[in-house]
1. Need one number: nm distance between label points at residue B:52 and residue B:79, each 7 Å from Cα along Cα→Cβ, rounded to one decimal.
2. Which whole number gives the average, over all residues in B:188-201, of C-beta atoms from other chains lying within 10 Å of the residue C-beta?
3. Whole-Hz ³J(HN,Hα) for each residue in segment B:171-186, computed from phi via Karplus 6.51 cos²θ - 1.76 cosθ + 1.60 with θ = phi - 60°, x for glycine and proline: what do you get?
4. Based on the mean of other Cβ atoms within 10 Å per residue, sort peptides B:99-107, B:149-157 so the most packed one is first.
5. Against the empirical 2.2 N^0.38 Å scaling, what ratio does the C-alpha Rg of segment B:111-215 come to?
6. Give the average, rounded to an integer, of partner chain Cβ atoms located within 10 angstrom of each Cβ in B:96-104.
7. Which distance in Å, rounded to a whole number, links the C-alpha centroids of segment B:150-215 and segment B:131-149?
8. Return the ratio Rg/(2.2 N^0.38 Å) for segment B:6-66, where Rg is computed over Cα atoms only.
Amino acid sequence: NGGKERKDEL
Amino acid sequence: MNIFRLAGDMTHLLSIIVLLLKIQATKSCAGVSLKTQELYAVVFVTRYLDLFYSFISLYNTVMKIIFLLTAFTIIWYMRKHKVVCQTYDKEQDTFRVLFLIVPCFVLALLVNHEMSVTEVLWTFSIYLEAVAILPQLVLLQRTKNVDNLTGNYIFMLGSYRALYLVNWVYRYFTELGYRQWIVWVSGTVQTCVYLDFFYYYVQAWRNNERMKLPG
């Protein structure tokens, strides 16, 4: 995921 | 998804339900800042644009749609409902929202992960959410007396943020390589915004009194 944010949060 | 994250989301959802029930049951939105509610609508619209191009889970999609719909329902009540809209403290709710929107947008242009429209808007929504409660807190400060439901609404919104902080600590220790600096810093700022309110809320609760803010 190399630093890119995971947008699994609301 | 961990328990803290779920508890955070449920507290957020509950805060919105409490606000909607207060408006519907009392047919009044006295003490509620329309500016803050409109800022939340902007936050949700700019953040949840990904509904159109990415799917995370059914839970995620359903929650996003609920947050969007409830945000617009509250705004509709405050602006259009013929009884409720008359109870809106327009003269007191004068926070200049552009003082929040413009700096957040500039910051999103400067500090982001990728210079694309959706990414900048998403980042903007993170920054804006951190300060969106300010018009509400200023309105509260002005009207002094805080009714129970409005107090509980703000308390739950603050709790939701605090639970997200715990969730991030948990994720940091359980997920390899998990980090999201923009969200962490903004979320910490957002939680700190509530500290003063928390202090007076807890004090009123301990003394079994109606909440009052100092002049």
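FYI, it's all coordinate maths here, none of it is from the lab. Every value quoted in this text rests on a predicted model; they were computed, and no experiment measured them. A quick note on method: Cβ atoms are made from the backbone with ideal geometry, for glycine too, and the neighbour counts reach across all protein chains shown.
1. 2.0
2. Across B:188-201, the average partner-chain Cβ count within 10 Å equals 0.
3. Calculated HN-Hα couplings, in order: 5, 4, 8, 10, 10, 5, x, 7, 7, 8, 4, 4, 5, 5, 5, 4 Hz.
4. Descending mean neighbour count gives B:149-157, B:99-107.
5. Taking N as the residue count of segment B:111-215, the ratio is 1.28.
6. Mean shielding count: 0.
7. Using only Cα atoms, the two centres lie 16 Å from each other.
8. For segment B:6-66, the normalised Cα radius of gyration is 1.30.
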